[in-house]
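This report refers to the structure that appears directly beneath it.
The values are calculated or read from the model by the stated rules, or taken from the named source; none is laboratory data. Small disclaimer: the values here were computed from a predicted structure and weren't measured. Backbone-built Cβ (ideal geometry, glycine too); neighbour counts: all protein chains shown. Please note that ligands, DNA and RNA were not included when accessible areas were found on the heavy atoms of the full protein model with its side chains. Shrake-Rupley method; radii C 1.70, N 1.55, O 1.52, S 1.80 Å.
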Amino acid sequence: MAEGEGMKTILSLFAATWLSTSATAAPPTVTPTTTKAGAPLPVHIGGRVERTADGYKRQWPGTYFEAAFRGPSALFRIGQGDVILRVSVDGALAAKLVKPKPGLYRIAGLSNGRHTIRVAVASESQAAPTVSGGFYAARGTRALPAPARARQIEFIGDSHTVGYGNISTKRDCTQDEVWATTDTAQAMPALTARRYGADYQVNAISGRGIVRNYDGMAADTLPVAYPFTLFDKARRYADPAWHPRLFVIALGTNDFTTKLHPGEPWQTRDALHADYERHYVEFVKRLRARDPNAHVVLWATDMANGEIASEVGKVAARLKAEGERNVAFVPVTGLAFTGCHAHPSTADDARITSALSTYIDAHPEIWAQK
């Protein structure tokens, strides 16, 4: 073969390979459809849901739904409620849907192989629950067992756990901008769970505390809301398959970042401290009664001139003094707080994850089944 012909052959092979790679690398499409849904696909759910005739009603942040299938496309249904959804296929983001209309959606443009789909709620839903209608087969799709993981982590907290305004590029935000730039799917819980290959729940509400909400706001504190599937407190949450090996809790920011007002139950800061410590200890003990072998990590930032961290440290010390084992306090410093209203950004979320991982990595026994 002449040198020129050899070079042409090489270039032709390169072009063919590039075209093939480009074709397979094209992102899948996610679009509304009027097609008829096939059989339901088995679904794996992360988070608290209430089964309804329309699907799965949810309100706590960070809920995610997953399915697996073999074929070039699949369908999923979105129900009522304003929500931001991140749709991922095989671990890569395929679409971000902001306040999508209820109805059936098609994921297409896939190779005719095995795929996993994940629909994760990014936005916070304090005002009202939203509904997911599950996954369905499309033409040529074969159902596979739903994804499942052996490890489980439960995250409990306030806006710092939710990911309040964490993708914002500014601190001064309207409430609409806060909602639009809150992404629990990119916040610390999702990052930590991904690092350890774990399923997770995010049982957190922005503005809530242990005994006091932000600026004395009248609403259920987190421990009061915690036992229930939805915020209406109509049904207690119970799932025999949910037994996390690790609880990661951050509560106290809202108890202490604002001054006390006349008419609140505490006359002094010391009285607030005492009430906070007692109720936090009781809350952790209730969690441990349900899952006695779980590790509990309490973490806090250095906000409020260290008042939060000081109080959380006292709670951890008191739990240990009263016989609770596998309890740790992890202080987190050096955050930039460039998100909405001086909240952690996604870069801060990564820093928090790193701080927590120092403890988790040092205790591999967390994942040992007993």
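Contact map, segment 134-149: residues that are part of a loop (DSSP other than H, G, I, E, B) paired with residues that are at pLDDT below 95 and of a type in the set (S, T, N, Q), Cβ distance under 8 Å, separation 6+ or inter-chain. Pairs shown: 138/35; 140/112. Being open to solvent by 10 Å² or more (accessible area, probe 1.4 Å), part of a helix (DSSP H, G or I) and among the small types (Gly, Ala, Ser) is a property that does not hold for residue 234. For residues that are more than 26 Å from residue 260 (Cα to Cα), in a strand (DSSP E or B) and either open to solvent by 20 Å² or more (accessible area, probe 1.4 Å) or not polar (S, T, N, Q) (or both), tally how many sit in segment 191-225. So the count comes out to 4. Residues that are open to solvent by 30 Å² or more (accessible area, probe 1.4 Å) and of a type in the set (Ser, Thr, Tyr) within segment 98-128 comprise 111, 116, listed in sequence order.
Is it the case that residue 320 is surrounded by fewer than 16 Cβ atoms within 10 Å (Cβ to Cβ), at pLDDT 95 or above and either over 26 Å from the mean Cα position of the chain (by Cα) or of a type outside the set (Phe, Trp, Tyr) (or both)?
It is true that residue 320 is surrounded by fewer than 16 Cβ atoms within 10 Å (Cβ to Cβ), at pLDDT 95 or above and either over 26 Å from the mean Cα position of the chain (by Cα) or of a type outside the set (Phe, Trp, Tyr) (or both).
Residue 277: over 14 Å from residue 251 (Cα atoms), at pLDDT 95 or above and open to solvent by less than 70 Å² (accessible area, probe 1.4 Å), yes or no? Criteria not met by residue 277. The test for being surrounded by fewer than 16 Cβ atoms within 10 Å (Cβ to Cβ) and either touching a residue at least 12 places away in the same chain (Cβ under 8 Å) or at negative phi (or both) holds for residue 243. Just one of (1) farther than 19 Å from residue 255 by Cβ; (2) crowded, with 16+ Cβ neighbours inside 10 Å fails for residue 293. It is (2). Scanning segment 296-315 for residues that are among the small types (Gly, Ala, Ser), free of Cβ contacts under 8 Å to residues at least 40 places away in the same chain and surrounded by fewer than 21 Cβ atoms within 10 Å (Cβ to Cβ) turns up 306, 310, 313. Restricted to segment 347-370, and to residues there that are at pLDDT 95 or above and not in a helix (DSSP H, G or I), the residue that is surrounded by the most Cβ atoms within 10 Å (Cβ to Cβ) is 363. In the condition set (1) open to solvent by less than 70 Å² (accessible area, probe 1.4 Å); (2) at pLDDT 95 or above, residue 40 is compliant with all but (1). Of the residues screened, residue 288 is one that is of a type in the set (D, E, K, R), more than 15 Å from residue 211 (Cβ to Cβ) and in a helix (DSSP H, G or I). Could you list, in sequence order, all residues of segment 152-190 that are surrounded by fewer than 16 Cβ atoms within 10 Å (Cβ to Cβ) and either in contact with a Leu (Cβ under 6 Å, 6 or more places away or on another chain) or outside any helix (DSSP H, G or I) (or both)? Hits for segment 152-190 are 169, 170, 171, 172, 174.
For segment 338-364, the candidate set comprises residues that are of a type in the set (Gly, Ala, Ser) and free of Cβ contacts under 8 Å to residues at least 60 places away in the same chain; within that set, the residue that is farthest from residue 297 (Cα to Cα) is 347. Residues in segment 85-97 that are part of a strand (DSSP E or B) and surrounded by 12 or more Cβ atoms within 10 Å (Cβ to Cβ): 85, 86, 87, 88, 89, 93, 94, 95, 96, 97. Residues of segment 50-77 that are surrounded by fewer than 24 Cβ atoms within 10 Å (Cβ to Cβ), aliphatic (A, V, I, L, M) and within 25 Å of residue 29 (Cβ to Cβ): 68 alone. Keeping to segment 320-346, report how many residues are touching a helix residue (DSSP H, G or I) at 6+ places or on another chain (Cβ under 7 Å) and in a helix (DSSP H, G or I). Within segment 320-346, residues that are touching a helix residue (DSSP H, G or I) at 6+ places or on another chain (Cβ under 7 Å) and in a helix (DSSP H, G or I) number 1.
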